[in-house]
Amino acid sequence: MTCKDFEAQLDAYIDNELPPAVVGEMTEHLDACAACARSHERQLALRRALTQHAPALQAPPGLRASIRQAIRAQIRPAATPRLPEWRWLAAAAVLVGVVAGTWRVATTRARAEALTDALLASHVRSLLGSHLLDVASSDQHTVKPWFNGKLDYSPSVYDLAGRGYPLLGGRLDYVANGAVAALVYGRRQHVISVFLWPAERGPTAGPATVTRQGYHMLHWIAPDYAYWVVSDLGSTELREFTQLLQRADSAAARPDGR
Amino acid sequence: MAPSELARFEALVLPHLDAAYTLARYLMDNDDDAHDVAQEALLRALKYFDGFRGDDARAWVLAIVRNACHTWQRTGRSHPVAVEFNEELHSGAVGDEHPEAALLRAADREAVRGAVAALPLEFREVIILREVQGLSYKEIGEIAEIPVGTVMSRLSRARRRLARALSSVARERS
């Protein structure tokens, strides 16, 4: 190799962009030629100066916040008509009526409702862009271990992509009874939150299906876990999804794994 | 956009916000322009995310940032700022054997940033993508829309300019 060849490929050599055979020739030349060794050292010095003084930067918090806000704005329907003020008053009056009505609901039912409220709020909040995923991965073997040390139980995570419900990831969330795992699956345009916690932790009571504000919520108790599934997906498909989960759960519970 | 697409955007694109800002900051002349152009680019990314089907979200978003920076610079929306050089230079050990390497070692932060900022945009972007963000020639070529051979020659010329600028600054000071 001539010095001219060496010089021409020096950048690519240091950038690790040369084929192995050429790397060998370059290294040989470097050992043999003092002038080229000096060029090489100059290059390294320049790169060290760049690495040291031209670092990667962090986005300012304001930038991150404005992007998140833009995401939230995408989720909120743009068509929120501004009501004239008298209509606000009317709406407030209706609200007072609703609140007064709710007041009379029996306490056990109120407790179950508080739970479904909390779960629905968690699901909706996650869609508002603030906190959809703590761990984003379609790999169950990435998502499941992520919860280690964050919860006192290890939630079951399944790969249902083959059935049309890809895993998107998971997040840690708080509902009435403490920290819980929320697993997030997708179905076309829809997001499904799966909440689960050990059944003995309670509360386990609750209606099997709830529909509120266009969201469906399904609830069941597997032998070990209380499950809640929340989504805006159609109830037929959501039911199919829960059946897949239940089947995967009972398959996992069998000792032979089948 | 559907919630699942937004979730995908959050999962795939938002992790590269720092990289996006870094590129914008080095390609623009000041913090405010960098903030604005990065924001504009990310919003554009959000808008067109439906059409993104590739597997390299970082390269995709960096290409959008890079194009936004070029547009800003071309349309003169940015405010040109005089490049400042720090009067002080660290007096590193200057060996006799490799004077230029020693001069480069002595380069301080202001000198390095000044020299980078003084590079023409097409040289600056390949340097930042390579040296600061550690991308491969192939990725850089995709982002800057140039063949790999051009990436290599631009990098090489950019580094020669940087080395010259830094040694001459150091020589002036010593």
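Just so you know, all these numbers are worked out from the coordinates, no wet-lab data involved. Computed from a predicted model, the values in this text were never measured in an experiment. Don't worry about glycine lacking a Cβ; one is built from the backbone with ideal geometry, like all the others, and counts go over all protein chains shown.
Here the dipole of the stretch A:1-50 is about 280 debye; that uses its Cα centre as origin and unit charges on the Cβ of Lys and Arg (positive) and Asp and Glu (negative).
Compactness of the stretch B:99-173, taken as the C-alpha radius of gyration over 2.2 N^0.38 Å, stands at 1.15. Overall form of the stretch A:193-252: oblate. Here a/c, set by the Cα gyration tensor axes a ≥ b ≥ c, is 1.5 or more, and a/b is not larger than b/c.
Under 1.5 on a/c is rounded, so check that first for the stretch A:107-253, then, if it is not, pick prolate when a/b is larger than b/c and oblate when it is not; a ≥ b ≥ c are the square roots of the alpha carbon gyration tensor eigenvalues. It comes out rounded by the Cα gyration axes. Taken over the stretch A:1-67, the alpha-carbon convex hull comes to 105 cubic angstrom per residue. Taken along its principal axes, the alpha carbon cloud of the stretch B:3-75 reaches lengths of 36, 20, 19 Å, longest axis first. The HN-Hα couplings worked out from phi for the stretch B:22-34 by the Karplus form 6.51 cos²θ - 1.76 cosθ + 1.60 (θ = phi - 60°) are 4, 4, 4, 5, 7, 8, 9, 8, 8, 4, 5, 4, 4 Hz, whole numbers, x standing for Gly and Pro. Spin-label pair residue B:122-residue A:113: with each label point 7 Å from Cα along the Cα-Cβ axis, the two points sit 6.8 nm from one another.
Applying 0.36 nm per residue to the separation of residue A:16 and residue A:72 and subtracting their alpha-carbon distance, the gain on full extension is 16.0 nm. With each label modelled as a point 7 angstrom along the Cα→C-beta vector, the residue A:151-residue B:70 pair spans 4.7 nm.
Taking other residues whose beta carbon is less than 13 angstrom from the beta carbon of residue B:49, and scoring Lys, Arg as +1 and Asp, Glu as -1, yields +1. Positive contributions from Lys and Arg (+1) and negative ones from Asp and Glu (-1), summed over other residues with Cβ under 12 Å from the Cβ of residue A:146, come out at +1. For the stretch B:99-173, averaging the sequence separation of C-alpha pairs within contact (under 8 Å, six or more residues apart) and dividing by the residue count gives a relative contact order of 46 percent. Note on residue A:38 and residue A:65: with the Förster distance fixed at 41 Å, the Cβ-Cβ geometry gives a FRET efficiency of about 0.25.
For the stretch A:107-253, the relative contact order comes to 18 percent (Cα pairs under 8 Å, sequence separation of at least 6).
For the stretch B:136-145, backbone phi angles converted through the Karplus equation (6.51, -1.76, 1.60; θ = phi - 60°) give residue-by-residue couplings of 7, 4, 4, 5, 4, x, 5, 5, 8, 6 Hz, Gly and Pro being listed as x. If you plug the beta carbon distance of residue A:235 and residue B:150 into 1/(1 + (r/R0)^6) with R0 = 56 Å, you get a FRET efficiency near 0.50. The Cβ shell under 12 Å around residue A:132 holds other residues with a net charge of +1, Lys and Arg each +1, Asp and Glu each -1.
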